[in-house]
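Some notes on the structure that comes next.
The values are calculated or read from the model by the stated rules, or taken from the named source; none is laboratory data. Note that the coordinates shown come from a computational prediction; the quantities given were computed from them, not determined experimentally. Because the Cβ atoms are built from the backbone with ideal geometry, glycine has one as well, and the counts that use them run over all protein chains shown.
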Amino acid sequence: MSTPVVLVDRPAPHVARLLINRPDKRNAIDHAVRQQLTEMLGALLGDASVRAIVFGGAQGVFSAGGDVPSMVGLTETQARERMRHIHLLCQLIAEAGVPVVSAIEGIGAGAAVGLALMGDRIVVGEGTKILFPFLKLGLVPDWGQLLTLPRRVGLPVARRILTDGAPVHGPQAHRIGLADTLVADAQVMATAVAQAADLALLPREAFARMKLRLNHPSTSLAEELAREENDQAVCLLGADFVEGHDAYVNKRTADFVGRPGVRR
């Protein structure tokens, strides 16, 4: 039986973790990895017990990015099919209604950085190296990075780091906003799991609606207020607000998982 190229486990309550498992290739992402990530993530997002996702790589390395040998010799049809396959996974991550945290241990390059940027939180270590090798290969940045990277770091910084080819080390990534949290190298994965466990306690409906609107900003105040009305009308009538209000009245911390304030 072949070794799975993606491992899945439950490292904390309500948290599922997906680890790219090609250590001999520094966890490079090929078609098989993308397919398994898509299938596993789709199944996890359909599981009501999963309230947060962690992405990482086996053996302390996030990923060296796209598997370059698998890109060679493609026809135009194959190249387009490859990109559509990538985009299915991108959309699944970006549109996940639960928090997504990426643990960039060791090296994160190219496609893997795009994967992380599709999520909600990025954790790096002091020794983490983030690489954007696209132009060196004669390729345009993909996995949505020409949208997601400037959103995180601003257009001038994104333009610079995409063109100068220099690695972005962990402390710099944190300083420019590419990463949310900087920790010692040995603490990257544990920190990502702990953050996911905390995020899993958020009210699921409200989080999903907030995330959708942040990812797809309104084009006018009128549009935003209309969307706000629709979202709040749903949330005000929902069980999470019943729990949140009961916790507020009784001066306790809201429990959006068990919902003790909801009368059944």
**Study point:** Odd one out for ARG209, checked against (1) assigned by TED's automatic domain parsing to the domain that holds ASP120; (2) within 19 Å of the chain's Cα centre (by Cα); (3) among the charged types (D, E, K, R)
**Key:** (1)
Study note, to complete from the structure: When ASP240 is run through (1) surrounded by fewer than 16 Cβ atoms within 10 Å (Cβ to Cβ); (2) over 30 Å from GLY138 (Cα atoms), the failure sits at (1)
Review point. Restricting to region 27-39, what's the tally of residues that are in contact (Cβ under 8 Å) with a residue 12 or more places away in the chain and either over 19 Å from ASP142 (Cβ atoms) or aliphatic (A, V, I, L, M) (or both)?
Key: 6
Check your understanding: Hey, does region 250-262 have a residue that's touching a residue at least 24 places away in the same chain (Cβ under 8 Å) and under 20 Å from the mean Cα position of the chain (by Cα)?
Key -> no
Practice item. Please verify whether region 94-103 includes one or more residues that are among the polar types (S, T, N, Q), at pLDDT 95 or above and crowded, with 23+ Cβ neighbours inside 10 Å. Key: yes
Review point. Can you tell which of GLY42, GLY73 is among the small types (Gly, Ala, Ser) and touching a residue at least 24 places away in the same chain (Cβ under 8 Å)?
Key: GLY42
Practice item. With the condition kept exactly as written, say whether any residue in region 191-199 is surrounded by 13 or more Cβ atoms within 10 Å (Cβ to Cβ), farther than 25 Å from ALA58 by Cα and assigned by TED's automatic domain parsing to the domain that holds PHE134. Key: no
**Study point:** GLY165, sole failed condition from (1) buried (at least 17 other Cβ atoms within 10 Å of the Cβ); (2) in contact with a Leu (Cβ under 9 Å, 6 or more places away or on another chain)
**Key:** (1)
Exercise for review: Scan region 216-234 and give yes if some residue there is of a type in the set (S, T, N, Q) and surrounded by 14 or more Cβ atoms within 10 Å (Cβ to Cβ), otherwise no.
Suggested key: no
**Study point:** Flag if ARG264 is surrounded by 14 or more Cβ atoms within 10 Å (Cβ to Cβ), part of a loop (DSSP other than H, G, I, E, B) and modelled with pLDDT under 95
**Key:** no
Point to revise | Residues satisfying the stated conditions in region 212-238, i.e. in a loop (DSSP other than H, G, I, E, B) and of a type in the set (A, V, I, L, M, F, W, C) | key: LEU237
Revision key, fill the gap. Counting only residues in region 165-211 that are part of a helix (DSSP H, G or I) and of a type in the set (Asp, Glu), the one nearest to GLY108 (Cα to Cα) is identified as ASP185
Point to revise | Residue check for SER2: surrounded by fewer than 18 Cβ atoms within 10 Å (Cβ to Cβ) and modelled with pLDDT under 95 | key: yes
Review point. Within the bounds of region 174-194, is there any residue that is within 19 Å of the chain's Cα centre (by Cα) and among the acidic types (Asp, Glu)?
Key: yes
Practice item. Please go through region 122-140 and pick out each residue that is in contact (Cβ under 8 Å) with a residue 24 or more places away in the chain, out of contact with any helix residue (DSSP H, G or I) (no Cβ under 6 Å at 6 or more places or on another chain) and either surrounded by 15 or more Cβ atoms within 10 Å (Cβ to Cβ) or not hydrophobic (A, V, I, L, M, F, W, C) (or both). Key: LYS129, LEU131, PRO133, PHE134, LYS136
Review point. Is it true that GLN172 is loosely packed, with under 14 Cβ neighbours inside 10 Å, at pLDDT 95 or above and over 16 Å from VAL101 (Cα atoms)?
Key: no
Point to revise | Residue satisfying all of: in region 7-17; free of Cβ contacts under 8 Å to residues at least 40 places away in the same chain and under 16 Å from the mean Cα position of the chain (by Cα); farthest from ALA48 (Cα to Cα) among these | key: VAL8
Check your understanding: Within region 239-257, is even one residue outside any helix (DSSP H, G or I), under 29 Å from ALA16 (Cα atoms) and β-branched (Val, Ile, Thr)?
Key -> yes
